[in-house]
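Beneath this line is the structure, given in structure tokens, with notes to follow.
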Amino acid sequence: MSSVDVVNVHKSFGDNEVLTGIDMQVGQGEVVCLLGPSGSGKSTLLRCINGLVMPDKGHVAVGGNLIGRKVRDGKLHDLRGREASVQRERMGMVFQQFNLFPHLDVRDNLMLGPRAHRLAGKAELEEKARQLLNKVGLGNRADAYPSQLSGGQQQRVAIARALMMEPELMLFDEPTSALDPELVGEVLDTMRSLAEEGMTMIVVTHEMTFARGVADRVVFMADGRIVEDTRPEIFFDNPETERARSFLRLV
Amino acid sequence: MHPSVNSAQNPLPAATSRLEVPDVVAVKRHYGRWVTVAILVAIGLGAVKSLAENPQLEWDVVAQYLLDGLILEGLGQTVILALISMIAATAIGLIFGFFRLSSNPVLRTVGSLYVWVFRSVPALIQILFWGNLALFAPRLGLGIPGTGWNLVSAPTNSVLSPFAASIVALALANGAYLAEIIRSGLLSVDEGQHLASSALGLTWWQAQRKVILPQALRVMVPPAGNQFITLLKETSLVSVIAGGDILSKAENISGYNLRTIELLIVAAVWYLLVTSAATLGQTFIERRTSRGHTQQRRKTASAEPTMKEKEVTP
Ligand SMILES: Nc1ncnc2c1ncn2[C@@H]1O[C@H](COP(=O)(O)OP(=O)(O)OP(=O)(O)O)[C@@H](O)[C@H]1O
Ligand SMILES: [Mg+2]
């Protein structure tokens with residue numbers, strides 16, 4: 001089971017309160033689009049979900065496991081490096097800037113994670129990399145280096161790289177915001193087919209058409225809290241709050 | 001309205017005012033360069049001539065000692081000294097470079113103190129210090145200070161030969177520079193690479209080894225190569241504690257045959273050769289570490305067919 005349970009998560013950077021009590025649930029196979037103005041804490045929330053950032057208060061559980069912490073003597077203690085790393089295996093993350101490894105070719109970008117975790121033998125992983133590259137439409141670019149690919153191709157490689165770990169949950173942080181408009185479609189198509197296969201996804205995006213068409217739910221954040229959490233057609237056609245209405249007028 | 005209609009109907013004035021321009025571009029003649037070269041060649045020849053004809057300089061002595069057994073032994077020691085010190089300095093630099101970037105304030109302070117002390121004290125003093133350690137620390141050992149309890153202990157001079165003292169001194173002095181080179185190399189790697197590594201579940205050390213260091217290497221190799229060449233020449237300083245290097249040997253020899261300049265030339269020729277070899281090696285390594293690293297394109301990347309379809313590195 002891969003449901004995500006975010007409970008009363010608070011996070012500050014210095015004096016800057018970025019998340020002020022987030023509660024959110026995502027069910028297995030659900031696709032949730034996270035919308036909100038810049039600086040509202042969307043990226044920070046995603047990073048709390050996969051344990052890249054530790055909440056100051058509250059907790060995140062994925063598939064019933066507490067993320068990044070364990071309970072001992074009635075208190076939360078941070079997990080050690082390796083324990084925390086192992087948890088992240090099962091969550092894929094895709095970034096706005098792709099963050100491919102520039103010194104490795106596409107195949108090695110895909111193999112690095114699973115090789116480090118010894119998930120399977122080399123031949124088996126190579127075969128899997130081949131299949132995933134075919135799936136994202138880049139079967140013939142396994143030997144290319146990231147710098148030789150277009151932005152859209154790089155982002156599809158990044159998605160394939162995350163899928164190599166066989167994640168139960170995929171997190172996307174503005175995956176198309178760094179792309180030229182004509183390259184956005186190919187990445188969104190890849191994400192759409194992933195959603196159709198039943199992948200649990202949390203997607204931070206400014207692509208309203210994608211949110212409306214693919215999301216099961218839209219979560220709208222502003223100033224570090226969740227303002228609306230509803231079905232996309234309700235959010236886009238009849239937003240409840242003035243905050244959401246003014247956001248939608250601007251996009 | 002009218003002007004645009006007019007200009008559309010009336011072409012530009014006829015080509016009466018066109019310039020008569022030939023198609024051929026004159027070849028540039030760099031007279032200044034030729035003059036400079038001529039002057040420099042003249043100076044060079046003069047210098048060579050005065051050296052060659054100098055009655056005080058016996059070139060056959062230079063030739064005789066260039067391949068002398070003692071000199072070659074010293075040359076070997078110099079190269080070994082430089083290589084071992086460089087390897088040790090890199091290991092030290094790696095540790096303190098990471099210390100300086102640590103989130104742990106204790107480690108950060110330790111790292112800064114090390115770099116501060118060992119970069120500030122001249123290498124010559126550090127060499128003299130380690131070479132003369134026996135003067136104020138007659139015995140070296142492992143134990144608990146103040147309790148008089150010693151696990152092992154031995155006379156300093158038997159543990160720390162001049163050669164060993166030279167390695168310790170050069171490794172510690174150069175480690176401080178390498179720590180800075182490694183630190184700036186690590187800092188040059190994009191924050192996103194750390195995020196992506198963590199998101200894939202790599203541990204800190206896996207991320208450093210597989211992702212961060214290989215990329216930092218590209219930035220670190222040129223200054224580290226320079227540091228190695230500096231170190232190669234710095235080994236000559238250990239002649240002050242008779243470290244056994246080529247300059248120590250040259251001084252030994254000139255101590256009894258009094259051919260000081262000839263033997264300095266012998267040493268200089270070898271430094272020139274060894275340094276040149278190191279420079280070649282540096283170029284080779286630089287070429288290797290920049291593999292697969294054409295300019296990263298992000299937003300600017302487009303689907304235009306300018307993509308280097310054929311530039312697939314094996
Ligand atoms: N590591 C950090 N250190 C300090 N401040 C941070 C850090 N990460 C985020 N912030 C701050 O937290 C706030 C929210 O950032 P966050 O990136 O979560 O917003 P966002 O909703 O993703 O915005 P955007 O749409 O611009 O990506 C911002 O004010 C940002 O400056
Ligand atoms: Mg963001």
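Over 26 Å from B:P214 (Cα atoms) and out of contact with any helix residue (DSSP H, G or I) (no Cβ under 7 Å at 6 or more places or on another chain): is that true of B:V168 in this structure? It is false that B:V168 is over 26 Å from B:P214 (Cα atoms) and out of contact with any helix residue (DSSP H, G or I) (no Cβ under 7 Å at 6 or more places or on another chain). The set of residues from the range A:79-88 being open to solvent by 10 Å² or more (accessible area, probe 1.4 Å) and at the interface with another protein chain (Cβ under 7 Å from one of its Cβ atoms) comprises A:G81, A:R82, A:V86, A:R88.
Being buried (at least 22 other Cβ atoms within 10 Å of the Cβ), facing chain B (nearest Cβ under 9 Å) and at pLDDT 95 or above holds for only one residue in A:A215, A:A162, and it is A:A162.
Residues B:F96, B:F118: which one is aromatic (F, W, Y) and more than 19 Å from B:L237 (Cβ to Cβ)? If you could, list the steps in order and put the result at the bottom.
Numbers: B:F118 fails: more than 19 Å from B:L237 (Cβ to Cβ).
Just a single option satisfies the conditions, and that option is B:F96.
Filtering the range A:44-63 to residues that are in contact with a Ser or Thr (Cβ under 8 Å, 6 or more places away or on another chain) and facing chain B (nearest Cβ under 10 Å) leaves only A:L52.
When the residues of the range A:6-30 are filtered to those that are more than 11 Å from ligand 1 (Cβ to nearest atom) and open to solvent by 70 Å² or more (accessible area, probe 1.4 Å), the one that is farthest from A:D229 (Cα to Cα) is A:Q28. In the set B:S254, B:S290, B:S302, B:S276, only one residue is within 14 Å of chain A (Cβ to nearest Cβ) and at pLDDT 50 or above; that residue is B:S290. Close contacts from the range A:34-46, counting a first residue that is over 13 Å from A:V9 (Cβ atoms) and a second that is within 9 Å of ligand 2 (Cβ to nearest atom) and in a helix (DSSP H, G or I), with Cβ to Cβ under 7 Å and a gap of 6+ residues or different chains, come to A:L34/A:K42; A:G36/A:K42.
From A:L194, A:L179, A:L171, A:L183, grab the single residue that is over 16 Å from A:L34 (Cβ atoms), within 16 Å of ligand 2 (Cβ to nearest atom) and of a type in the set (A, V, I, L, M). Even if it seems obvious, please write down each step before you answer.
Working: A:L194 fails: within 16 Å of ligand 2 (Cβ to nearest atom); A:L171 fails: over 16 Å from A:L34 (Cβ atoms); A:L183 fails: within 16 Å of ligand 2 (Cβ to nearest atom).
One residue alone meets the criteria, A:L179.
Within the range B:206-261, being surrounded by fewer than 19 Cβ atoms within 10 Å (Cβ to Cβ) and in a loop (DSSP other than H, G, I, E, B) holds for B:A242, B:L258.
Inspect the range A:106-125 for any residue being assigned to a loop (DSSP other than H, G, I, E, B), among the charged types (D, E, K, R), open to solvent by 10 Å² or more (accessible area, probe 1.4 Å) and facing chain B (nearest Cβ under 9 Å) and give the result as yes or no.
Checking the range A:106-125: not a single residue is assigned to a loop (DSSP other than H, G, I, E, B), among the charged types (D, E, K, R), open to solvent by 10 Å² or more (accessible area, probe 1.4 Å) and facing chain B (nearest Cβ under 9 Å).
Taking the range A:64-78 as the range and being surrounded by 15 or more Cβ atoms within 10 Å (Cβ to Cβ) and away from chain B (no Cβ under 12 Å) as the test, the residues that pass are A:L66, A:I67, A:R69, A:L76. State whether one or more residues within the range A:176-196 are among the hydroxyl-bearing types (S, T, Y), under 29 Å from A:K11 (Cα atoms), surrounded by fewer than 21 Cβ atoms within 10 Å (Cβ to Cβ) and more than 14 Å from every other protein chain (Cβ to nearest Cβ). The answer is no, given that none of the residues of the range A:176-196 is among the hydroxyl-bearing types (S, T, Y), under 29 Å from A:K11 (Cα atoms), surrounded by fewer than 21 Cβ atoms within 10 Å (Cβ to Cβ) and more than 14 Å from every other protein chain (Cβ to nearest Cβ). Picking from residues in the range A:31-46 that are closer than 17 Å to A:R88 by Cβ and not β-branched (V, I, T), the one that is nearest to ligand 1 (Cβ to nearest atom) is A:S43. Residues that are within 14 Å of ligand 2 (Cβ to nearest atom) and out of contact with any Pro (no Cβ under 7 Å at 6 or more places or on another chain) number at least 1 in the following strands (runs of 3 or more DSSP E) confined to the range A:1-79: A:4-13, A:16-26, A:31-35. The residues of the range B:18-55 that are over 27 Å from B:I265 (Cβ atoms) and either touching a Leu at 6+ places or on another chain (Cβ under 8 Å) or not in a loop (DSSP other than H, G, I, E, B) (or both), listed by number, are B:Y31, B:G32, B:R33, B:W34, B:V35, B:T36, B:A38. For the range A:89-103: of the residues being open to solvent by 30 Å² or more (accessible area, probe 1.4 Å) and modelled with pLDDT of 90 or more, which is farthest from the chain's Cα centre (by Cα)? Restricting to residues being open to solvent by 30 Å² or more (accessible area, probe 1.4 Å) and modelled with pLDDT of 90 or more, the top hit is A:H103. In the range B:184-198, the residues that are more than 9 Å from chain A (Cβ to nearest Cβ) reach residues that are open to solvent by 10 Å² or more (accessible area, probe 1.4 Å) and of a type outside the set (A, V, I, L, M) with C-beta atoms within less than 6 angstrom, at least six apart or across chains, in these pairs: B:V189/B:Q215.
The residues of the range B:169-205 that are open to solvent by less than 10 Å² (accessible area, probe 1.4 Å), among the polar types (S, T, N, Q) and farther than 16 Å from B:V115 by Cβ, listed by number, are B:Q193, B:S197. Only one of the numbered conditions (1) more than 25 Å from A:R249 (Cβ to Cβ); (2) within 7 Å of ligand 1 (Cβ to nearest atom); (3) hydrophobic (A, V, I, L, M, F, W, C) is not met by A:I49, and that is (2). Report, by residue number, each residue of the range A:130-157 that is open to solvent by 10 Å² or more (accessible area, probe 1.4 Å), in a loop (DSSP other than H, G, I, E, B) and within 13 Å of chain B (Cβ to nearest Cβ). If the condition is that a residue be open to solvent by 10 Å² or more (accessible area, probe 1.4 Å), in a loop (DSSP other than H, G, I, E, B) and within 13 Å of chain B (Cβ to nearest Cβ), then A:G137, A:N140, A:R141, A:A142, A:D143, A:Y145 are the ones that fit.
Residues that are β-branched (V, I, T) and more than 20 Å from A:C33 (Cβ to Cβ) were ranked within the range A:134-168; the one that is nearest to ligand 1 (Cβ to nearest atom) is A:V157. The set of residues in the range A:218-229 that are open to solvent by 30 Å² or more (accessible area, probe 1.4 Å) and closer than 12 Å to A:C33 by Cβ contains only A:D229.
The values are calculated or read from the model by the stated rules, or taken from the named source; none is laboratory data. In this text the structure is predicted, and so the values were computed from the model without any measurement. Cβ coordinates were reconstructed from backbone atoms using ideal geometry, including for glycine residues, and neighbour counts include every protein chain displayed. Areas reflect the complete protein model, heavy atoms only, side chains present, ligands, DNA and RNA absent. Shrake-Rupley method; radii C 1.70, N 1.55, O 1.52, S 1.80 Å.
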